[in-house]
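**Student:** Sharing a structure with you now.
The values are calculated or read from the model by the stated rules, or taken from the named source; none is laboratory data. Treat the numbers as computed from the prediction; the structure is a model and nothing was measured. Positions of Cβ are backbone-derived with ideal geometry, glycine not excepted, and every protein chain shown enters the neighbour counts. The protein model used for the area step is the full one, side chains on, heavy atoms only, and it has no ligands, DNA or RNA in it. Shrake-Rupley method; radii C 1.70, N 1.55, O 1.52, S 1.80 Å.
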Amino acid sequence: IICETYNGTALIGTKTADLTLIVPNNETTRPSISAAVSPVHSLPDVFGGLYIQGKTQVKAVINAASEYADILSYKLTVGNISKSSTTGEITSDIIGESGSLTVKCEVFDSRGFGNAEEFIVLFHAYKRPAVIPLQEQKEIVCSRCDANGNISSSGNHLLIRAGRLYSPVIASSTQKNFCSLRYRYRISADEDFTEWTTLIEKNDLSNNFFSGIVSRITLDAKTSYRFEIGVLDDAGGEDGSVQIAFDIPTDDVDFHLREGGHGVGFGKY
């Protein structure tokens, strides 16, 4: 504020006083906000509306307005991960955490004033399924055996001892995710596997382990095989399936000459 003193038309003195005028940042002056959040993923319909660890993004739709300034930016924070945008629609990266997470939607205007709205969402724990040994054993078994299930290098039966480990994803007391245990095989010299055969159906919740002779398979003593034991769950799909390979050799022999003389085996056919 400047005070000028005149004698007639002649300026004979001035006095200046500086003042700072502060616009209060309160409910009246800060921008208004209205937000909604929802899960985004490509999972089967059974997971609709659910937040799944390692599978789901969070989408926020933020509406904001200010009577006194322009809206400049929007911000979405999920847990400790933030993402900003100049528009009111923001989608986070895939969230790798589980449990109850705070989702914070924020808006900022041209004066730096802001407003926020928070939500609590539950991310269901999820990990890729795994093939595991039987509880009392250290290793997964996929081997030749005799008719009684005894492991034998000369056996023409197949013995499998393996289990499945997966995340059931329980929502509203209902299991949403299911997992099958399966196998496939090929002759080692071939390129193509058979179709997958199920050992434990995905909806069979009575037991997570298979131990026994696999029916409908007869192994030739002079042929080597490549077997794969795998698990497939609904949340992971084929892209998230896991399989473990096992090479099953021929029967043990000291020496074998291939018919026609174009091959020789030591310790095997």
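**Student:** Which of (1) of a type in the set (A, V, I, L, M, F, W, C); (2) within 34 Å of the chain's Cα centre (by Cα); (3) open to solvent by 20 Å² or more (accessible area, probe 1.4 Å) is the odd one out, the single condition residue 264 does not satisfy?
**Tutor:** (2)
**Student:** How do the strands (runs of 3 or more DSSP E) wholly within the range 1-58 filter down when requiring 3 or more residues that are in contact (Cβ under 8 Å) with a residue 24 or more places away in the chain: which remain? Lay out the reasoning, then the answer.
**Tutor:** Details: elements: 2-7, 10-16, 32-40.
Result: 32-40.
**Student:** Assess whether residue 42 counts as being of a type in the set (S, T, N, Q), modelled with pLDDT of 95 or more and either in contact with a strand residue (DSSP E or B) (Cβ under 6 Å, 6 or more places away or on another chain) or open to solvent by less than 60 Å² (accessible area, probe 1.4 Å) (or both).
**Tutor:** No: the conditions fail for residue 42.
**Student:** What residue, among those in the range 60-72 that are out of contact with any Ser or Thr (no Cβ under 7 Å at 6 or more places or on another chain) and modelled with pLDDT under 95, is most open to solvent (accessible area, probe 1.4 Å)? Outline the logic, then answer.
**Tutor:** Initial filter on the range 60-72 (out of contact with any Ser or Thr (no Cβ under 7 Å at 6 or more places or on another chain)): 60-62, 66-67, 71.
Adding the requirement that they be modelled with pLDDT under 95 leaves 66-67.
Details: 66: 31, 67: 156 Å².
Ranking the candidates gives 67 first.
**Student:** Only residues that are under 23 Å from the mean Cα position of the chain (by Cα) and surrounded by fewer than 16 Cβ atoms within 10 Å (Cβ to Cβ): list them for the range 202-242, please.
**Tutor:** Once the filter is applied, which keeps residues that are under 23 Å from the mean Cα position of the chain (by Cα) and surrounded by fewer than 16 Cβ atoms within 10 Å (Cβ to Cβ), the range 202-242 yields 203, 205, 237, 238, 239.
**Student:** Of everything in the range 127-140, what is touching a residue at least 60 places away in the same chain (Cβ under 8 Å) and outside any loop (DSSP other than H, G, I, E, B)? Give them in sequence order.
**Tutor:** 130, 131
**Student:** Step by step: first the residues of the range 143-157, then only those that are in contact (Cβ under 8 Å) with a residue 12 or more places away in the chain and in contact with a Lys or Arg (Cβ under 8 Å, 6 or more places away or on another chain), then the one that is least open to solvent (accessible area, probe 1.4 Å). Which residue is that?
**Tutor:** Selected residue: 155.
**Student:** Then there's this: Could you tell me which residue of the range 166-186 is nearest to residue 241 (Cα to Cα), considering only residues that are in contact with a strand residue (DSSP E or B) (Cβ under 6 Å, 6 or more places away or on another chain) and surrounded by fewer than 21 Cβ atoms within 10 Å (Cβ to Cβ)? Steps first, answer last, please.
**Tutor:** Looking only at the range 166-186, we keep the residues that are in contact with a strand residue (DSSP E or B) (Cβ under 6 Å, 6 or more places away or on another chain), and these are 166, 168-169, 177, 179-186.
Those still in the list that are surrounded by fewer than 21 Cβ atoms within 10 Å (Cβ to Cβ) too: 168, 184, 186.
Details: 168: 15, 184: 13, 186: 19 Å.
Here the answer is 184.
**Student:** Counting only residues that are in contact (Cβ under 8 Å) with a residue 40 or more places away in the chain and open to solvent by less than 60 Å² (accessible area, probe 1.4 Å), give me the strands (runs of 3 or more DSSP E) lying completely in the range 73-126 with at least 2 of them.
**Tutor:** Details: elements: 81-85, 89-91, 99-109, 114-124.
The strands (runs of 3 or more DSSP E) meeting that bar are 99-109, 114-124.
**Student:** With the checklist (1) farther than 30 Å from residue 174 by Cα; (2) among the basic types (Lys, Arg); (3) surrounded by 15 or more Cβ atoms within 10 Å (Cβ to Cβ) in hand, flag the one item residue 55 doesn't pass.
**Tutor:** (1)
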